[in-house]
1. Compute the acute angle (0 to 90°) between the alpha-carbon long axis of helix 201-212 and the principal axis of greatest extent of the alpha-carbon atoms of the chain; round to the nearest 10°.
2. Under 10 Å, Cα contacts only: if you run a Gaussian network model on the chain, which one of Tyr85, Tyr46, Tyr296 comes out with the highest mean-square fluctuation?
3. Lys pairs in the chain, Cα-Cα under 28 Å, at least 8 apart or on separate chains: how many?
4. Using a/c under 1.5 as the rounded threshold, could you call the range 157-235 rounded, prolate or oblate? The axes a ≥ b ≥ c are square roots of the C-alpha gyration tensor eigenvalues, and prolate needs a/b larger than b/c, oblate otherwise.
5. Rg/Rh for the range 217-297 to two decimals, with Rh computed the Kirkwood way over all alpha-carbon pairs.
6. Going by a ≥ b ≥ c, the root eigenvalues of the Cα gyration tensor, does the range 1-75 fall in the rounded group (a/c under 1.5), the prolate group (a/b larger than b/c) or the oblate group?
7. Taking all pairs of distinct Cα atoms, average 1/r, flip it, and tell me the Kirkwood hydrodynamic radius of the chain in Å to one decimal place.
8. Of Asp36, Asp187, Asp286, which is the most mobile in a GNM of the chain whose springs link Cα atoms less than 10 angstrom apart?
Amino acid sequence: MANLPSNSFMFNYNAKQYDSSTYTFPKTTGQLFDVDLTLNGAPSSYTDEYVDFAGKSVYMGYTYTSNAQNPFNRVSSASSFTFIYKTSGFTSGSNNIFSNRYTLYNYMVRGNMLHTNSSGFLSLTPSSSPEICVIRISSNGNSERKFVDSNGNTLQITTASTISWGGLNNGVGFFAGYATGSETFQDKFYWMYCSMETLTDEEVLQVIKYNEQNKTFEIEPDTLFFTSNSGTESVAINSENPWTASTTDNWITILPTTGNSGEGTISITVGSSIFSNRTGTVTITDGVDRLTLTVYQTGYTKFPYNKLYMNGDNLN
């Protein structure tokens, strides 16, 4: 079972979690950028592993009220930075997966470079696809950009001994050059992680394993059916990570709402249903992936007359 390192981190988004009904990448438990990443429209396509943007103008922009409030800003006295991501279908040019930019740019993470005050900083073109890219900058400005395999082994690398950050700004853009949405991302997105700390090789590998893992996370059953009467049913959970369960439907009660790794059970209780049928959902997440339990309940229907009498028939 893989977990993220204990370092504080700004965000971790994974396409395995992508909700196609809302165009949303849910946040990971513990991330400091406390936002679900909701796109402004549908991407070209998606699978269980990646979301294909293919030049679609879809992005999420976020604006702070001042430069000082933007925690992504980097300066020479606070250079520590780690950005790790997996993409496919490398496209050159203004292909930004993340930009610390509004009208000015502090830095932008692109497919072939880290665009800082120097437009071609840490320029490196991957030789294979999909690729896992690691960008690390230490507090003294020493930096590297490298492509690695799923075990953290270096495939390509470029380094620099100093870094010149761009101007401070009050906006960030995901899959876009600006927080206002221009310069769109054009490739397949798998996952990305960002920390304002410089991770070690071991911690980088933890991030990769966490996002690449094929873990056990399942529920049985994934659908419940109730009559109009109140009732309770059990659902089995098998998870390699701690999990939480929640619902926005006030007629559904969940016990317990949290659990540890391993096999467990939750109880789903519904109240009496009046008149119409209803459908609700319970969401179970382990911090990376989410599962949906669908709950159906029939409405209460009372016929004041037996249909035989209504047809003029006698039961005797």
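Values in this text are rule-based calculations from the coordinates and carry no lab data. Values in this document were obtained by computation on a predicted structure and should not be read as measured data.
1. 30 degrees
2. Tyr296
3. Lysine pairs meeting the criterion: 25.
4. Cα axes put the range 157-235 in the prolate bin.
5. Rg/Rh: 0.98.
6. oblate
7. 21.8 Å
8. Asp36
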